[in-house]
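Okay, structure first, notes after.
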Amino acid sequence: QEVILEVKGLKMYYPIYSGVFKKVTGHVKAVDDVNLYVKRGETLGLVGESGCGKSSLGKCLVRLQRPTGGEMRYRLPDGQTRDLLTLSKQESFDVRKHVQIVFQDPYSSLNPVKTIYEAFDEPLRKHKMGNKAERKAIIGQLLESVNLRPDYMYRYPHEFSGGQRQRICIARALCINPELIVCDEPVSALDVSIQAQVLNLMKDLQQRFGLTYIFIAHDLSVVEYMSDRIAVMYLGQIVELAPAGSMYSEPRHPYTEALLSAIPIPDPDDSRERIVLRGDVPSPANPPQGCRFHTRCPKCIDICKTVPPELRLVAGTEDHYTACHLVETEEDVQ
Ligand code: SF4
Ligand code: MG
């Protein structure tokens, strides 16, 4: 499978200002040296606690935000690669056609004074997709593709339920035939009873349109259901990246182990030990030296306090990466 997006050393630092003269006194390192890749047609789940940098990373990936450093290579449908960080304005506009984002809150992501028709027509016009009649036909088809009636295009957002609105947002993201969609917790604001319905719809659309998803969530069971591979994020960094199956059956990073041990499973004989992490997540403005997880890690050894572990291929695997000094890597065995 072809790699559609490759990210190396990505950084997103936000300045912290203080005093009347707004002096920069530090940085919140929301994304700090992230490495990952996404294959065409797959769903890459991105999990971590709130504040770990998932949403910032998602926004960087669709260029809603300009990262402060690193590389992001995107492969266009014609096989050419573009470095998303060094694009001109026009190139960036062209690439944005291929990458879209769906946000968590369907209530705030639709403009209340615009009809659905107006909300869809704008991106279509911007990207010169057809004349007026053709655009109207496209909008009708898009609504049908998310199981809504075409004539709903003349309604306003307040006339729809939360689940319907999120389906509308998904349809709008599909407007200009994107290849890659970043879904930032798309169901976490919805009632549990309709979450599965929206997730299944997203799976159908992925099949039908050959989409690639980056699926952000804090809920591991949702991510497991949706993802082919999973990236676990902690304090601005990816600590583990692996196929969903081996992430769940053989997690290697102590943080992933702790997250997984906290998922309740409906088994009365569940004898798994729950790993309780001590302390809170440290501030991303002042992350711990060495391994960022060392202040909470039950397995911490001396070296962890000074030397940051790098994301490396785990020994004996083909695509399971982790960043932990205790894990034997392919390099160690060679
Ligand atoms: Fe824990 Fe050390 Fe591994 Fe970090 S490197 S996760 S502190 S054992
Ligand atoms: Mg978020």
statement: Between Asn177 and Lys8, Cβ-based FRET efficiency (R0 25 Å, step 0.05) works out to 0.35
- line: Answer in debye to the nearest 20: the dipole magnitude of the chain about its Cα centre, from +1 Lys/Arg and -1 Asp/Glu charges placed on Cβ, is 1700
field: Label zone at Val95 (point 7 Å along Cα-to-Cβ), backbone N below 13 Å, region 53-81
entry: 60-77, 80-81
message: Check the chain for me: any Cys whose beta-carbon has no other cysteine beta-carbon within less than 4.7 Å?
response: Cys52, Cys60, Cys169, Cys175, Cys183, Cys324
Helix-derived mean residue ellipticity, 222 nm - over the chain, DSSP H n ≥ 4, -39500 (n - 2.57), to 500: -8500 deg cm²/dmol
message: For Cα pairs less than 8 Å apart in space and 6+ apart in sequence, what is the mean separation divided by the residue count of region 98-201, i.e. the relative contact order in percent?
response: 45
message: With an 8 Å Cα cut-off and a minimum separation of 6 or more residues, compute the relative contact order for region 243-334 in percent.
response: 24
task: Can you tell me how much longer the chain between Leu64 and Lys128 gets when fully stretched, taken as 0.36 nm per residue apart minus their C-alpha distance, in nm with one decimal?
output: 20.9 nm
task: Would you kindly compute the Cα radius of gyration of the chain and its largest Cα-Cα separation (Dmax), both in Å?
output: 21.2, 68
message: Can you list residues from other chains, or at least 5 along the same chain, whose modelled amide H is less than 5 Å from the amide H of Arg63?
response: none
- request: Express as a percent, rounded to the nearest 5, the fraction of DSSP beta bridges in the chain (both residues included) that run antiparallel.
  value: 65
field: Burial order of peptide ranges 273-281, 93-101 (average beta-carbon count within 10 Å, highest first)
entry: 93-101, 273-281
query: Once both axes come from the Cα atoms, what is the angle between helix 132-145 and the longest principal axis of the chain, in degrees from 0 to 90, rounded to 10?
result: 50
field: Label point at Thr86 placed 7 Å out along Cα→Cβ; residues across region 1-45 whose backbone nitrogen lies under 17 Å
entry: 6-11
statement: With Tyr255 itself left out, Lys, Arg at +1 and Asp, Glu at -1 over residues whose Cβ is under 13 Å from its Cβ give +2
- prompt: Which whole-angstrom value gives the distance between the alpha carbon centres of region 269-326 and region 83-131?
  reply: 38
message: For a quick check: with amide H placed at 1.01 Å from N, whose amide H comes under 5 Å from Val182's, ignoring anything fewer than 5 positions away on the same chain?
response: Gln100, Ile101, Val102, Ile214
- prompt: Once amide H atoms are placed 1.01 Å from N in the peptide plane, what residues at a sequence separation of 5 or more from Ala30, or on another chain, have their amide H within under 5 Å of its amide H?
  reply: Met12, Tyr14
query: Under the Karplus relation 6.51 cos²θ - 1.76 cosθ + 1.60, θ = phi - 60°, what is the ordered set of whole-Hz ³J(HN,Hα) values for region 32-38, x standing for Gly and Pro?
result: 9, 6, 8, 10, 6, 9, 10
query: Can you list the HN-Hα couplings for region 102-109, worked out from phi with the Karplus curve (6.51, -1.76, 1.60; θ = phi - 60°), rounded to whole Hz and with x for Gly and Pro?
result: 10, 8, 5, 9, x, 6, 9, 8
- request: Kindly give Rg over Rh for region 1-104, based on alpha-carbon atoms, with the Kirkwood expression for the hydrodynamic radius.
  value: 1.01
task: Find the relative contact order for the chain and round it to a whole percent, using C-alpha pairs within less than 8 Å whose residues are 6+ positions apart.
output: 19
field: Net charge, Glu331 excluded, C-beta distance under 12 Å - Lys, Arg +1, Asp, Glu -1
entry: -3
³J(HN,Hα), Karplus 6.51/-1.76/1.60, whole Hz, each residue of region 292-299, x for Gly, Pro: 5, 8, 5, 5, 10, 7, x, 10
- line: Convex hull around the C-alpha positions of region 146-280: the volume in Å³ per residue is 153
field: Most positive-pole-ward Cα, Gly48, Val31, Thr81, against dipole of region 29-93 from beta carbon charges
entry: Thr81
- prompt: Which of the residue pairs Lys8/Lys299; Lys54/Lys203; Lys39/Lys305; Lys29/Lys305; Lys59/Lys97 have a Cα-Cα distance greater than 25 Å in the structure shown?
  reply: Lys8/Lys299; Lys39/Lys305
- line: A convex hull over the alpha carbons of region 208-328 yields, per residue, a volume in Å³ of 135
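Coordinate-derived values only; no laboratory data. This structure is a prediction, so every number in the text was calculated from the model and none was measured. Methodologically, a virtual Cβ is constructed for each residue, glycine included, from the backbone with ideal geometry; neighbour enumeration extends over all protein chains shown.
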